[in-house]
1. Quick one: net charge of residue 213's neighbours, Cβ under 15 Å, K/R +1, D/E -1?
2. What are the residues whose amide H is under 5 Å from the amide H of residue 239, where those residues sit 5 or more places off or on another chain and H is modelled from the backbone?
3. Relative contact order of segment 35-156, please, whole-number percent, based on alpha carbon pairs below 8 angstrom and at least 6 residues apart.
4. How large is ³J(HN,Hα), in whole Hz, for each residue of segment 212-223 in order, when computed from phi with the Karplus curve 6.51 cos²θ - 1.76 cosθ + 1.60 and θ = phi - 60°, using x for Gly and Pro?
5. Which entries of 135/271; 61/165; 54/271 have Cα-Cα distances beyond 26 Å here?
6. For every other residue with a beta carbon closer than 13 angstrom to the beta carbon of residue 170, add +1 if it is Lys or Arg and -1 if Asp or Glu, then tell me the sum.
7. What list of ³J(HN,Hα) couplings, whole Hz, do you get for segment 239-244 from phi and the Karplus terms 6.51, -1.76, 1.60, once you set θ to phi - 60° and write x for glycine and proline?
8. Would you please give the residues with an amide H less than 5 Å from that of residue 102, counting only those at least 5 places away or on a separate chain, with H modeled from the backbone geometry?
Amino acid sequence: MGLSRRDFLKVSAGGGLMLASNLAPGTALARPPAPRLPEAKGILFDATVCIGCKACMTACKEYNKLPPDHYHPGEIWDDPIDLSAKTVNIVKLYSNGTAHNKDQEINGYSFIRRFCMHCVDPACVSACPVTALTKDMKTGVVRYNKDNCIGCRYCQIACPYNIPKFQWDQAFPQIVKCYLCDHRIAQGGYSACCEFCPTGASIFGNVQDLLKEAKRRLALPVGRFADYPVQRVDSAHKAPRQVTPYLNHIYGEKEGGGTQVLMLANVPFTKLGLPQLAPESQAGASETLYHTLYKGMIVPYVVLGGLFYLIYKNTTGHELP
Ligand code: SF4
Ligand code: SF4
Ligand code: SF4
């Protein structure tokens, strides 16, 4: 299997992080990892409750004024197959063997949503050299300011979830991703994907409450009926359902320093396309690397040296007049 340009950049970035950890043993991080904000907002997605109806995708498009995405040219309906500059939330399907059994790894299937995880200590914010991406210090939403963006796309390379997308087809391209419907939160509302999810597979709320709800579900006896809140974690609207097995893992509780989007499932998250991440945030380490390298002007000299070498290599025998 070939190495894509994006993978190459990620490997380079990973190598850079290894370099950072090896540059000076015992070197203090530029800053400690960021803690969870006490009033942070987020979403709990429970794959065992999801029926794959994609109402969350439709609502996301409508309330964020996103255009249809045509995977099959000529189609008139929205048919994305992955996240793009036109699609910031997608429901995907895992299937195995006969695919007969819901939420089973073998001969089963599971739905999974992919959208911005709103990391506690976001690598995209850390990598952005011009603070076009910022984290709201109350809600924890990772926002974007198009006026600051210089289009370097470092955020795309830094994000471990492959979330930010670039508007390649626009004259003045922007980075596009889910902003947790912060325009709706600012008006006392909440994420459209949760408001229109009919089953309660996606619920909105304070992350601390979402974590408690996720732990409650993991402790429920399989086969018994239990009430599951719909739309919001603190909603009076609850749907009774028979509890099905869960993996004992709340994805996002710890991964990469934690995320404000939390997920439950009964199929291993790596099979659902989510990365396996160490519990430590990499954002502090990457900032240490940038600070260390730029402090000694190592990067500019290395880049200049590389450029001179390439020019020399490509012009040997073709000296300029
Ligand atoms: S998932 Fe990616 S884009 Fe979203 S906050 Fe985390 S690093 Fe940034
Ligand atoms: S929070 Fe809003 S922008 Fe994000 S996936 Fe849900 S509907 Fe889309
Ligand atoms: S709206 Fe809810 S049930 Fe339907 S696909 Fe989205 S998360 Fe799943």
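Just so it is clear, none of the values below were taken in a lab; they were calculated from the coordinates. Just so it is clear, the model here is predicted, and its values are computed rather than measured. Here the Cβ positions follow ideal geometry from the backbone for every residue, glycine too, while neighbour counts run over all protein chains shown.
1. Within the 15 Å Cβ shell, the charges total +3.
2. Those qualifying (amide H under 5 Å, at least 5 residues apart or on another chain) are 228, 230.
3. Averaging sequence separation for qualifying contacts and normalising by length gives 23 percent for segment 35-156.
4. Result, ordered by residue: 4, 5, 4, 5, 4, 4, 5, 8, 5, x, 4, x Hz.
5. 135/271
6. +2
7. 10, x, 8, 7, 6, 10
8. For residue 102, the qualifying residues are 109.
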